[in-house]
Amino acid sequence: MSGGHREDLREVLLNLNVPFAPEDFEHRRLRSSLAWHSPVIGRTILGPLERASSSDDAAGVVELCDWLLQNIQLPEDVKGQLCEAKRRVS
């Protein structure tokens, strides 16, 4: 920890590594994003489609889903999930 390394490398090693950092070490906050916990497609399209009890409940979401499928390049498995969820409410 204290042997002749560049200061920036020491910072990287010690930041948020509490058991190894000296008591007076000032830890920088970890940048965090929760997008990976709740992806936009799942939160705004797939989830509402799966929760909808009728085509009336899902009309706006179906329209958004159609736009997404026509305009955005998606992996085949994602397209399949969206189409299946849309089919269930139609």
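The values are calculated or read from the model by the stated rules, or taken from the named source; none is laboratory data. These figures come from a predicted structure and were not determined experimentally. Note that we place each Cβ from the backbone using ideal geometry, even for glycine, and neighbour counts take in every protein chain shown.
Scanning the range 5-51 for residues that are at pLDDT 80 or above and among the small types (G, A, S) yields G42, G47.
Taking every residue in the range 76-89 that is at negative phi and pairing it with any residue that is at pLDDT below 90 and among the charged types (D, E, K, R), at least 6 positions away or on another chain, the pairs with Cβ-Cβ distances below 7 Å are A85/E50. The single residue among S2, S54 that is modelled with pLDDT under 85, exposed (fewer than 10 other Cβ atoms within 10 Å of the Cβ), assigned by TED's automatic domain parsing to the domain that holds L69 and of a type in the set (G, A, S) turns out to be S54.
Pick from the range 43-61 the residues that are within 22 Å of the chain's Cα centre (by Cα) and among the aliphatic types (A, V, I, L, M): which of them is nearest to K86 (Cα to Cα)? I'd like the intermediate steps shown before the answer.
In the first step, residues of the range 43-61 are kept if they are within 22 Å of the chain's Cα centre (by Cα); the result is 43-51, 61.
Subsequent filtering for residues that are among the aliphatic types (A, V, I, L, M) retains 45-46, 49, 61.
Details: I45: 9, L46: 8, L49: 6, V61: 9 Å.
Result: L49.
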